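For reference, the structure discussed in these notes is given below.
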Amino acid sequence: DVKVTQSSRYLVKRTGEKVFLECVQDMDHENMFWYRQDPGLGLRLIYFSYDVKMKEKGDIPEGYSVSREKKERFSLILESASTNQTSMYLCASSSIRWDRINEKLFFGSGTQLSVL
Amino acid sequence: SQQGEEDPQALSIQEGENATMNCSYKTSINNLQWYRQNSGRGLVHLILIRSNEREKHSGRLRVTLDTSKKSSSLLITASRAADTASYFCATDAGSGGSNYKLTFGKGTLLTVNP
C-alpha cells in the first residue's frame with residue numbers, strides 16, 4: 001500500500017521555538033504539499049514542491065519555510081512558532097501527468113500542533 | 001484564496017437516503033477531485049473528473065461536472081452510517097508554474113443517522 005507518513009500525530013511546542021514537521025512518501029512522487037486545516041477555513045496550502053530542492057509558495061507561506069533535500073522527504077519548518085500557528089498540518093504527495101497536471105493526492109494522517 | 005466552495009456546509013440524512021453535495025469554483029480547471037475526511041484524520045481520495053468529462057461513477061458515488069456553470073456535484077446513494085465524514089472538492093486550475101497545486105474548498109460535513 002502507498003504511504004505518506006508524518007513524523008508526529010500530536011505535538012506541543014512553546015512560543016518562539018523552531019518546529020520541524022517531517023513527511024515521507026514511498027511512492028516516488030514528484031509533488032509534495034503542506035496544508036494547514038482550521039475549523040471553518042478548510043485546507044489552505046502553505047508550500048509545495050515539484051522536485052528536489054524546488055519549492056513554491058502556496059496561499060499562506062508567511063512564518064513557514066520548507067526543505068526538500070531528497071525526493072521522498074518534505075519538511076515544514078516553523079521558524080519561530082506562534083500561537084496562531086496552532087493547527088492541524090497535513091502533508092500530501094502526488095504524481096503528475098506528462099502535461100504536469102496533478103493526479104490524485106495521497107495524504108498523511110496529519111499532525112495536530114499546539115503552540116502554547 | 002480558495003477556488004472551490006462546497007454547499008451545503010452541513011447535511012444530515014437518514015441511513016438509506018441519498019446525499020448530494022455541490023462544489024462551485026471560479027476559474028477554468030484541468031480537473032476536479034473529491035476527497036473524504038473522517039474526523040481528525042487525513043483526507044482520502046474518492047474520485048477525479050477531468051475537464052472534458054461530464055459524469056463519472058465509482059461504486060455508490062456519482063460525480064458530475066458542468067464547466068459552463070463552473071460547478072460539480074457528488075452524489076452518494078444508499079448512504080450508510082459509515083459515510084459520516086467531511087467531503088471536500090479540490091481543483092487543479094494552474095498553468096505554467098502554478099500547475100502543481102490543488103486548491104480545496106471548506107468542505108461539507110455529512111452526518112448519516114442510523
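A short reminder: the numbers here are calculations on the coordinates, not readings from a lab. None of the values given here were measured: they were computed from a predicted structure. Cβ coordinates were reconstructed from backbone atoms using ideal geometry, including for glycine residues, and neighbour counts include every protein chain displayed.
What value in Å³ per residue do you get for the convex hull of the alpha-carbon atoms in chain B? Walk me through the numbers before you get to the answer.
Details: hull volume 11.1 nm³, N = 114.
For chain B, the hull spanned by Cα atoms encloses 97 Å³ per residue.
Inside 10 Å of the C-beta atoms of A:101-111, what's the mean count of C-beta atoms belonging to other chains?
On the way: counts 10, 12, 5, 10, 11, 4, 7, 3, 3, 5, 0.
The shielding value for this peptide is 6.
Calculate the all-directions average of the projected area of the protein assembly as shown's alpha-carbon convex hull, and give it in nm². It would help to have the intermediate numbers written out before the result.
Working: hull surface 49.3 nm².
Here the figure is 12.3 nm², rounded to one decimal.
Using a 10 Å cut-off on Cβ atoms, rank the peptides B:75-81, B:21-27 from the highest mean neighbour count down.
Values: B:75-81: 15.0, B:21-27: 18.1.
Packing proxy ranking, top to bottom: B:21-27, B:75-81.
Give me the inter-chain shielding for A:29-41: mean count of other chain Cβ atoms within 10 Å, whole number please. Write out the running numbers ahead of the final one.
Values: counts 0, 1, 4, 1, 3, 0, 3, 0, 8, 1, 1, 3, 3.
The shielding value for this peptide is 2.
Evaluate the Debye formula for chain A with equal point scatterers sitting on the alpha carbons, no solvent, and hand back log10 of I(q)/I(0) at q = 0.10 Å⁻¹, in q order, two decimals.
-0.27
Under a cut-off of 24 Å between alpha-carbon atoms, report the lysines in cross-link reach of A:Lys55, not counting same-chain residues fewer than 8 places apart.
A:Lys55 reaches A:Lys3, A:Lys18, A:Lys70, A:Lys71, A:Lys104, B:Lys101.
Which Cα, out of A:Leu41, A:Gln25, A:Ile77, lies furthest along the positive dipole direction of the range A:1-87 (beta carbon charges, K/R +1, D/E -1)?
Checked the options; the winner is A:Ile77.
Which value, in debye to the nearest 20, gives the size of the charge dipole of the protein assembly as shown about its Cα centre, when Lys and Arg are +1 and Asp and Glu are -1 at the Cβ?
Rounded to the nearest 20 debye, it is 180 debye.
To the nearest 20 debye, what charge dipole does chain A have about its Cα centre, counting +1 at the Cβ of each Lys and Arg and -1 at the Cβ of each Asp and Glu? If you can, show how the numbers build up before the last one.
Values: 17 positive and 16 negative charges, 40 e Å.
About 200 debye.
Counting each pair of different Cα atoms once, what's the Kirkwood radius of the range B:7-69 in Å, rounded to one decimal?
Kirkwood radius, the range B:7-69: 13.4 Å.
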